[in-house]
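Engineer: Take this structure, written in structure tokens, and hold onto it; I'll ask about it next.
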Amino acid sequence: EAAVTQSPRNKVAVTGGKVTLSCNQTNNHNNMYWYRQDTGHGLRLIHYSYGAGSTEKGDIPDGYKASRPSQENFSLILELATPSQTSVYFCASGDALGVGTGQLYFGEGSKLTVL
Amino acid sequence: AQKVTQTQTSISVMEKTTVTMDCVYETQDSSYFLFWYKQTASGEIVFLIRQDSYKKENATVGHYSLNFQKPKSSIGLIITATQIEDSAVYFCAMRGQGGSAKLIFGEGTKLTVSS
């Protein structure tokens, strides 16, 4: 079974502080993703990656940076956290469409509260 | 730009009945891939079913099936013989042409199944 783990699972940060959310996958998937989930908005794509060293902007990248130092790890960085970034963040990994179903495997989510 | 819209915020049904959840999408791509995911009360997000735009046959997996109407840019999820454990939030998602990893989601539909 594919495994995606996120840390921390819960985080309280102060406005203006730096926050790093980490994601590790043991599936050897090329593609990794960061989404945020807010009531009424579903899952919105922040950044994604095609492999080590690659990061792409999703639909709501402002205020976020991403880093993919290796195949297994993908981080989401909030340099100057704001209360509007309070949300639940999900990391996911997946393969190319030609490999299996092309489905994504999601982590458990990280709840971030910015005060 | 791609967009996925789920207009049904919530649906309530009785156990053992059939339910249909709607999803419409917008894309400029000539081929694309549509997915449905389920988020349980615990927050876990899992893949259910996939439809490729170039396939005329509707996908079916277990008691999940799709109603793909390409001229209407619509991909409905049908759940037959619903069970209590089908209660969850269901997300429709779309991915563009083969090389693109970008996957975007709709807002989600909350399904409640009662006995």
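Read-outs: derived from the displayed coordinates by stated rules, not from any lab. Here the structure is a predicted model, which is why all the values come from computation and not from measurement. Cβ placement follows ideal geometry from the backbone for every residue including glycine, while neighbour counts extend to all protein chains displayed.
Engineer: Which of rounded, prolate or oblate describes segment A:50-96 when judged by the alpha-carbon gyration tensor and an a/c cut-off of 1.5? All intermediate terms of the calculation are to be shown ahead of the outcome.
Structural biologist: Numbers: a/c = 2.10, a/b = 1.83, b/c = 1.15.
Cα axes put segment A:50-96 in the prolate bin.
Engineer: The protein assembly as shown: percent of C-alpha pairs farther apart than 30 Å?
Structural biologist: On the way: 6259 of 26335 pairs.
Cα-Cα pairs in the protein assembly as shown separated by more than 30 Å: 24 percent.
Engineer: Within segment B:4-22, list the residues whose amide N lies under 15 Å from a label point set 7 Å along Cα→Cβ of B:S114.
Structural biologist: Counting backbone N atoms under 15 Å from the label point, the list is B:10-17.
Engineer: Computed FRET efficiency, Cβ-Cβ of A:N28 and A:D62, R0 22 Å: what is it to the nearest 0.05?
Structural biologist: The pair A:N28/A:D62 has a calculated efficiency of 0.10.
Engineer: Here's something else I'd like to know. Label points 7 Å out from Cα along the Cβ direction at A:A96 and A:E72: separation in nm?
Structural biologist: The answer from the label model is 2.4 nm.
Engineer: With just the Cα atoms defining each centre, how far is segment A:81-99 from segment B:1-39? Give it in Å.
Structural biologist: What the calculation gives is 20 Å, centre to centre.
Engineer: Taking the square root of 5 times each eigenvalue of the Cα gyration tensor, what semi-axes in Å does the equivalent ellipsoid of chain A have, largest first? Mind showing how you got there, number by number?
Structural biologist: Numbers: eigenvalues 110, 38, 33 Å².
Gyration-tensor ellipsoid for chain A: 23, 14, 13 Å.
Engineer: For segment B:65-96 and segment A:1-21, what is the separation of their C-alpha centers, rounded to whole Å?
Structural biologist: Cα centroid to Cα centroid, the span is 31 Å.
Engineer: Another question, then. Write down the Å³ per residue value for the convex hull defined by the alpha carbon atoms of segment B:74-115. Kindly include the intermediate steps, with their values, before the conclusion.
Structural biologist: Working: hull volume 3.9 nm³, N = 42.
Cα-based convex hull of segment B:74-115, divided per residue, equals 93 Å³.
Engineer: Could I ask something else about it? Each residue of segment B:58-70 in turn: what ³J(HN,Hα) in whole Hz from Karplus with 6.51, -1.76, 1.60 and θ = phi - 60°, glycine and Pro shown as x?
Structural biologist: Values per residue, Gly and Pro as x: 6, 6, 9, 9, x, 9, 9, 9, 10, 10, 8, 10, 4 Hz.
Engineer: Could you grab the relative contact order for chain B? Cα pairs under 8 Å, six or more apart, rounded to a whole percent. Spell out each step's value before the answer.
Structural biologist: On the way: 284 pairs, mean separation 42.7, N = 115.
This gives 37 percent for chain B.
Engineer: Write down, largest first, the equivalent ellipsoid semi-axes of segment B:9-76 in whole Å, where each equals the square root of 5 times an eigenvalue of the alpha-carbon gyration tensor.
Structural biologist: Numbers: eigenvalues 104, 40, 31 Å².
Its equivalent ellipsoid spans semi-axes of 23, 14, 12 Å.
Engineer: Another one. Taking only the alpha carbons of segment A:1-51, what extent do you get along each of the three principal axes, in Å, biggest first?
Structural biologist: That gives 35, 24, 20 Å along the principal axes, largest extent first.
Engineer: Could you work out the mean count of beta carbons from other protein chains within 10 Å of each residue's beta carbon in B:62-71? Provide the component values of the computation, followed by the final result.
Structural biologist: Numbers: counts 0, 0, 0, 0, 0, 0, 0, 0, 0, 0.
Mean partner-chain Cβ count within 10 Å for B:62-71: 0.
Engineer: In a Debye calculation with equal point scatterers on the alpha-carbon sites of segment B:22-115 and no solvent, what is log10 I(q)/I(0) at q = 0.13, 0.16, 0.22, 0.25 Å⁻¹?
Structural biologist: -0.43, -0.65, -1.15, -1.41
Engineer: Another question about this same structure. For B:K16 and A:N10, what is the calculated FRET efficiency with R₀ set at 45 Å and r taken between the beta-carbons, to the nearest 0.05? Please list the in-between numbers first.
Structural biologist: Numbers: r = 38 Å, r/R0 = 0.85.
Efficiency at R0 = 45 Å is approximately 0.70.
Engineer: Using a cut-off of under 13 Å, list every residue of segment B:56-71 whose amide N is near the label point 7 Å from the Cα of B:Q8 along the Cα-to-beta-carbon line.
Structural biologist: Under 13 Å, as judged by backbone N against the label point of B:Q8, lie B:65-67 of segment B:56-71.
Engineer: Could you work out the mean count of beta carbons from other protein chains within 10 Å of each residue's beta carbon in B:99-111?
Structural biologist: On the way: counts 3, 5, 17, 8, 12, 7, 9, 3, 7, 6, 1, 0, 0.
The shielding value for this peptide is 6.
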